[in-house]
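Some notes on the structure that comes next.
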Amino acid sequence: MAFFLLLVLVAVVLGIIGVAAEGLGYLLIIGIVVLVVDVAVAAVRLSRRARRRPLR
């Protein structure tokens, strides 16, 4: 969970720097990619946990 929050924070910081600094738009794109990958990894982890529980 801490790693997830760290990656979200990194994505937000890169996005802010990419928007604020002139000519660093690629940082915004990198921040968006990091955020999307992080959310995808979290979704996969969450779905793995849900499958392991036996149905009653």
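So here's what we get for this one:
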| item | result |
| --- | --- |
| Filtered residue count, segment 17-28, keeping only those that are open to solvent by 70 Å² or more (accessible area, probe 1.4 Å), aliphatic (A, V, I, L, M) and touching a helix residue (DSSP H, G or I) at 6+ places or on another chain (Cβ under 8 Å) | 2 |
| Subset of segment 9-26 (residues that are assigned to a helix (DSSP H, G or I) and at pLDDT below 80) | Gly25 |
| Matching option when the condition is among the aliphatic types (A, V, I, L, M), open to solvent by 90 Å² or more (accessible area, probe 1.4 Å) and at pLDDT below 80, among Leu55, Leu6 | Leu55 |
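The values are calculated or read from the model by the stated rules, or taken from the named source; none is laboratory data. Keep in mind the model is a prediction, meaning the values are calculated, not measured. Neighbour counts run over all protein chains shown; Cβ positions are idealised from the backbone, glycine included. Heads up: the accessible areas ignore ligands, DNA and RNA and are worked out on the full protein's heavy atoms, side chains in. Shrake-Rupley method; radii C 1.70, N 1.55, O 1.52, S 1.80 Å.
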